[in-house]
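What follows is a short report on a single structure.
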Amino acid sequence: MADITVRRMTVDDADRVLAIYQAGLDGGNASFETVAPTWAAFDAGKLAEHRFVAVDPDDRVLGWVAVSPTSARSVYAGVVEHSVYIDPTAQGRGVGRLLLDAVIASTEAAGIWTIQSGVFPENTASLALHQRAGFRIIGTRERVGRHHGRWRDVILLERRSPAIT
């Protein structure tokens, strides 16, 4: 992990970010989505101040994390939903934890008290990563959507900031 650093995501990272996103979608256990969005759609849907990439010494993007607001209502201004995706060749090297740590630090500094996500139960690596990073399972939404012709459950996770009271 010493050779991996985390920095803010820039537009120059777009191609790698979207390629990693698509690789995750192609794996079948990352999202109900099946095709990564355009950069314009990605950019419009994610909060700019809470987007990070993990890079190797050659500045090659190994993974990314970003957050989206959960609601436009002001009462939910401190609640975001996040996504984290790791290049399949970089999985198991601690990239996900570095990215979650970065987004936790940035959201807490901005006064965001809750980060939430939904994970397919089959994505055991993601569930374990999130629990190690302080996320807790809230519950399971059973058969909440169809994906590749079959009903899928989603496990809801959240991390409440202990620093924001």
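Summary table below
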{"read-out": "Residue tally, condition among the aliphatic types (A, V, I, L, M), open to solvent by 70 Å² or more (accessible area, probe 1.4 Å), part of a helix (DSSP H, G or I) and farther than 27 Å from SER71 by Cβ, over region 1-60", "value": "0"}
{"read-out": "Matching entry among SER68, SER74 (being touching an Asp or Glu at 6+ places or on another chain (Cβ under 9 Å) and on the phi < 0 side of the Ramachandran plot)", "value": "SER68"}
{"read-out": "Residue check, ILE164 of a type in the set (Val, Ile, Thr), modelled with pLDDT under 95, within 26 Å of MET9 (Cα to Cα) and not in a strand (DSSP E or B)", "value": "yes"}
{"read-out": "Residue match in region 73-84 (condition: touching a strand residue (DSSP E or B) at 6+ places or on another chain (Cβ under 6 Å), part of a helix (DSSP H, G or I) and loosely packed, with under 15 Cβ neighbours inside 10 Å)", "value": "no"}
{"read-out": "Filter result for ILE112 (open to solvent by 70 Å² or more (accessible area, probe 1.4 Å) and aliphatic (A, V, I, L, M))", "value": "no"}
{"read-out": "Neighbours by Cβ (under 6 Å, 6+ apart or cross-chain): first from region 62-87, in contact (Cβ under 8 Å) with a residue 12 or more places away in the chain; second part of a helix (DSSP H, G or I) and aromatic (Phe, Trp, Tyr)", "value": "THR70/TYR76; TYR85/TYR21"}
{"read-out": "Whichever residue in region 85-106 is among the polar types (S, T, N, Q) and in a helix (DSSP H, G or I) and, among such residues, is surrounded by the most Cβ atoms within 10 Å (Cβ to Cβ)", "value": "SER106"}
{"read-out": "Check on TRP64, over 22 Å from PHE42 (Cβ atoms) and of a type in the set (Phe, Trp, Tyr)", "value": "no"}
{"read-out": "Those residues of region 126-151 which are more than 18 Å from VAL103 (Cβ to Cβ), surrounded by 13 or more Cβ atoms within 10 Å (Cβ to Cβ) and either among the small types (Gly, Ala, Ser) or in contact (Cβ under 8 Å) with a residue 60 or more places away in the chain (or both), in sequence order", "value": "HIS147"}
{"read-out": "Filtered residues of region 64-81 (kept if in contact with a helix residue (DSSP H, G or I) (Cβ under 6 Å, 6 or more places away or on another chain) and within 12 Å of GLN116 (Cα to Cα))", "value": "VAL67, SER68, THR70"}
{"read-out": "Residue match in region 107-118 (condition: among the β-branched types (Val, Ile, Thr), assigned to a helix (DSSP H, G or I) and within 19 Å of PHE52 (Cα to Cα))", "value": "yes"}
{"read-out": "Residue within region 115-123 that is among the hydroxyl-bearing types (Ser, Thr, Tyr) and out of contact with any strand residue (DSSP E or B) (no Cβ under 6 Å at 6 or more places or on another chain) present", "value": "no"}
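The values are calculated or read from the model by the stated rules, or taken from the named source; none is laboratory data. The structure presented is a predicted model; accordingly, all values stated were derived computationally and were not measured. Neighbour counts are summed over all protein chains in view; Cβ atoms, including those assigned to glycine, are modelled from backbone coordinates with ideal geometry. Just so you know, the surface numbers come from the protein's heavy atoms only, side chains and all, with ligands and any DNA or RNA stripped out. Shrake-Rupley method; radii C 1.70, N 1.55, O 1.52, S 1.80 Å.
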